[in-house]
Amino acid sequence: MQFLLKIVTWKGIAYTIAVGSIVYGLKKYFGGGVCYCTARLDGQVVVITGGNSGIGKALAVELVNRGATIVLACRNIEKGLEAKKHILSKNRKAKIFVKHLDLCSFSSIVKFCDTLNLEFNEIYGLVNNAGIFYHPYGITEDGFEVTLQTNYLGPFILTHHLLKPLKQSIHARIINVASDEHRRVSINQLIAISRTQKDFKGHFVNYGASKLALVLFTKELAKKLQNTNVIVNAVDPGNVETAIYRNFYPLSNPVLYALQWIIRVVLVKTPTEGCQTLLHALLTPNRTTGQYYADCKLALPSPVAADERICREYYQLTLEVLASWFSTESEC
Ligand SMILES: NC(=O)c1ccc[n+]([C@@H]2O[C@H](COP(=O)([O-])OP(=O)(O)OC[C@H]3O[C@@H](n4cnc5c(N)ncnc54)[C@H](OP(=O)(O)O)[C@@H]3O)[C@@H](O)[C@H]2O)c1
């Protein structure tokens, strides 16, 4: 009672307002940029890989509210249907298709693309969002280290197989969801991992390498598509509270997780905040291509990505690595 009386003094009120304002200011600051684009995508198809969870699911909610038809590309159909239910609970009129896609299997990717090519003449957006972080070491059925295939080689093949319906749309956009972690890896580390294909240099290095690969791919693909209607950009969503940290010990441990609660609430984005830059890159009237967005603004990626020769050579190396599965550039 005495404590309550103390708080209700002017001093107590002033402290409460001051602390509240600081927390609010920090939350706003770390919540990052907000997409203010008013463009609508009525009837336009957007494919979101990993759209059943986290940033991808939040993006789907934002896009159906702007009239888009969404394809949720999920490795687990049940999770996809759950996500569809969630999105429909937010917007009864949402048009959503759930399709199976496992980026760890090239045959699954090709099957997924064949289905989409049959069902949709035009695709406005492809969001290469699915990804894994701090995943236990493993080799996919195609013989590649699992993080490299999920985050980069899979999206590389997927993107090329969907270029036809993307080119048939009046305007089309490819968004590659990268990460700031791409800066912490050197090009030599990336090349070593890509050449050996099964190499594992540590959770952070392999994750960063897969994201650097995606940024280099963005630049080179943008160049190859420069005379088409398709633009391609990379996006850093920032730090977002999602299931991607499920294997990362400081967050997968329930006690440590609980202890960090207040830090996360203030400093880490919600999925809705995290999807804002993806949304911005999909809707902005600025049709520049081969760029990198962070916090709803154009930003500079790692200097490595500014080197056109490196982007070109790494694209060639990817084609060599994927020679048994993907032999042509003719789609570009
Ligand atoms: N969260 C962050 O702080 C952060 C920061 C920078 C970048 N990112 C990037 O943002 C993207 C989205 O991640 P998120 O944070 O929203 O994490 P998330 O909630 O775990 O979502 C990742 C999605 O990818 C899917 N996925 C994983 N492996 C797949 C595979 N082999 N085939 C098809 N789908 C697969 C997951 O499916 P399941 O649900 O079946 O596992 C899930 O739907 C990722 O590319 C991530 O690297 C996130």
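Here are a few things to note about the model shown:
- Looking only at residues in segment 290-317 that are farther than 14 Å from Gly238 by Cβ and within 17 Å of the chain's Cα centre (by Cα), the one that is most open to solvent (accessible area, probe 1.4 Å) is Leu298.
- Selection within segment 221-239 - within 7 Å of the ligand (Cβ to nearest atom) and within 19 Å of Val46 (Cβ to Cβ): Pro237
- Number of the exception - Thr272 against (1) touching a helix residue (DSSP H, G or I) at 6+ places or on another chain (Cβ under 7 Å); (2) polar (S, T, N, Q); (3) outside any helix (DSSP H, G or I): (3)
- Helices (runs of 4 or more DSSP H) wholly inside segment 101-197 containing at least 1 residues that are modelled with pLDDT under 95 and under 15 Å from Phe217 (Cβ atoms): 187-196
- Segment 109-121 residues that are of a type in the set (S, T, N, Q), paired with ones that are at pLDDT 95 or above (beta carbon under 7 Å, 6 or more apart): Thr115/Lys99; Asn117/Lys164; Asn117/Pro165; Asn121/Pro165; Asn121/Gln168
- Thr289 hydroxyl-bearing (Ser, Thr, Tyr) and within 16 Å of the ligand (Cβ to nearest atom): no
- Residue within segment 287-303 that is part of a helix (DSSP H, G or I) and free of Cβ contacts under 8 Å to residues at least 12 places away in the same chain present: yes
- Out of Thr242, Thr147, Thr218, sole residue that is within 12 Å of the ligand (Cβ to nearest atom) and surrounded by 24 or more Cβ atoms within 10 Å (Cβ to Cβ): Thr147
- The residue that is nearest to the ligand (Cβ to nearest atom), counting only those in segment 245-264 that are farther than 24 Å from Leu212 by Cβ and in a loop (DSSP other than H, G, I, E, B), is Gln260.
The values are calculated or read from the model by the stated rules, or taken from the named source; none is laboratory data. Note that the structure is a prediction, hence the values are computed from the model and not measured. Cβ sites come from the backbone with ideal geometry, for glycine too, and all protein chains shown count toward neighbours. What goes into the accessible areas is simple: the full protein's heavy atoms, side chains included, and nothing from ligands, DNA or RNA. Shrake-Rupley method; radii C 1.70, N 1.55, O 1.52, S 1.80 Å.
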